[in-house]
Amino acid sequence: MKNELLQELEARGFINQTSNFDGINDALNAGKITAYWGTDPTGDSLHVGHLASLMLMRWFQKYGHRPITLVGGATGRIGDPSGRDKGRPMLTNEQIEKNCAGLRKSISKFINFDDNQAIMVDNYDWMKGYGHLDFLRDFGMDFTIPRMLSMDSVKRRLDNGMTFLEFNYMTFQAVDFLELYKKHNCILQFCGADQWGNSVMGIELVRKKLGKEVFVLSTALITDANGNKIGKSAGNAVWVNEEKTSPYDYYQYFRNVSDDLVEKFLKIFTEIPLDEIAQLASLQGADINQAKKRLAFAATEIAHGRDAAVAAEQAATALFAGGADLSNVPSVEIEMNTDMPILDFLVATGLFPSKSEARRMLEQGGIQIDGNKITDVKMLVSVSDEFMVQKGKKTFLKVIKK
């Protein structure tokens, strides 16, 4: 009989690939199991691109199982080559520690760690104990060069300079699975589709070392309306931590998804029952905006809490439906002692990373200040206590003078 959790995951579109579907099904039917998902501290917050795996873990916990979330303090010091054309920049120990703290905050929004219902680990805790010679003697005979070269993450990098450092990444991730099996009887790893090769190496290592069978389940990668992977390196990241993406902007991201993504996103990013999702997905024309509002509220409530979701909804209503209360609109404070050139002003607000991008938007007529369209790139912004700046059709920012 197909396990109820697997039925839920299949119906919501989480499952991309499994190492042994029947084995996973049997293990889930036999009782409570432990599974893990890991991420490296390449940034100080998770983003929407991570959330398919994390929401899968959330469902795993809701059905009574125990999740382990792993923050890769060790693997983050190497850099995962999967899906990349060049090596990741090396981070300092201080950056890694800061990023690990930010990731723990993100994860805790989705997973309940109370009363040991879930645990969070850092693979640096066990990897730091290995000297180079010790690691080679313990695991060097368990990985063959032909097998490692067969991985897509390696093959695509061989012609543009994959380093020996990155080549070791999959061995570290495999050891993670072995350690978590031995310490916590963890028999299942969740991963994104781009991590399949690294994860399968863990199955093979556990089998070689212990003669035990463990499993991997991958989720499809989340893409934007243009089919691009959502991630910080692609420049389209929507962050989970409110210091990087406000609850309002998080809400607006889901509110503004394309019509063809609404049903998919309702299934993955919310816990709305499937029968209600079917009704929302059936809406046509202008009515589909009701489904988008439902999606935005439910996704924001999971990541930021009900109060933040209500505030974001009210701010959107105030801006787009003529409401009066603008108190929940995102705001920023900037130093402004004299009139400021418009390009400097727009960069200072954080709406643009550079003057060239701000200039381009100005010339296209995409900037309004207090309801007035601005096109003069030489304009000076007069000193004021507060402005309402609009970028494009859907981005609003209240700018307050310090």
Calculated Rg and Dmax of the range 132-261 using C-alpha coordinates, Å: 18.6, 55
Among Leu261, Leu54, Leu217: highest mean-square fluctuation, GNM of the chain, C-alpha pairs under 10 Å: Leu261
P(r) of the range 4-234 over all Cα-Cα pairs, binned every 10 Å from zero, in whole percent: 7, 33, 40, 18, 2
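As a test of the formula, what do you get for the chain when each DSSP H run with n ≥ 4 contributes -39,500 (n - 2.57) and the sum is divided by the residue count, at 222 nm and rounded to the nearest 500 deg cm²/dmol?
Values: 18 runs with 175 residues, N = 402.
Value at 222 nm, helices only: -12500 deg cm²/dmol.
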Proximal lysines to Lys2, defined as alpha-carbon separation beneath 17 angstrom and excluding residues fewer than eight positions away on the same chain: Lys32
Kirkwood hydrodynamic radius of the chain, Cα pairs, Å: 23.2 Å
Thr245 long-range amide H proximity, modeled H, under 5 Å: Trp239
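Could you order peptides 116-123, 188-195, 24-31 by the average number of other Cβ atoms within 10 Å of their residues, highest first? Don't skip to the answer; put the middle values down first.
Values: 116-123: 17.8, 188-195: 23.1, 24-31: 15.4.
Put in order of decreasing packing, that is 188-195, 116-123, 24-31.
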The chain: most fluctuating residue of Gly64, Gly49, Gly350 per GNM, C-alpha cutoff 10 Å: Gly350
Compactness of the range 247-320 - radius of gyration and Dmax, Cα, Å: 11.4, 32
Ranked packing of 297-308, 167-178, 352-363, 336-347, most packed first, by mean Cβ within 10 Å: 167-178, 297-308, 336-347, 352-363
Highest-fluctuation residue, Asp134, Asp44, Asp249 considered, GNM on the chain with Cα pairs under 10 Å: Asp134
Asn29-Phe164 pseudo-label distance in nm [points 7 Å out on the Cα-to-Cβ vector]: 4.9 nm
Only Lys, Arg (+1) and Asp, Glu (-1) charged, at Cβ; the range 247-320 dipole about Cα centre in debye: 100 debye
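Please report the antiparallel percentage of the DSSP beta bridges confined to the chain, to the nearest 5.
Details: 19 of 41 bridges.
That works out to approximately 45 percent antiparallel.
Among the listed pairs Lys244/Lys378; Lys98/Lys402; Lys267/Lys293; Lys62/Lys128; Lys109/Lys401, which have their C-alpha atoms separated by more than 22 angstrom in this model?
Values: Lys244/Lys378 30 Å; Lys98/Lys402 28 Å; Lys267/Lys293 14 Å; Lys62/Lys128 33 Å; Lys109/Lys401 32 Å.
Pairs exceeding 22 Å: Lys244/Lys378; Lys98/Lys402; Lys62/Lys128; Lys109/Lys401.
Values in this text are rule-based calculations from the coordinates and carry no lab data. Since this is a predicted model, take the numbers as computed values, not measurements. Every residue, glycine as well, gets a Cβ built from its backbone with ideal geometry; the counts of neighbours run over all protein chains shown.
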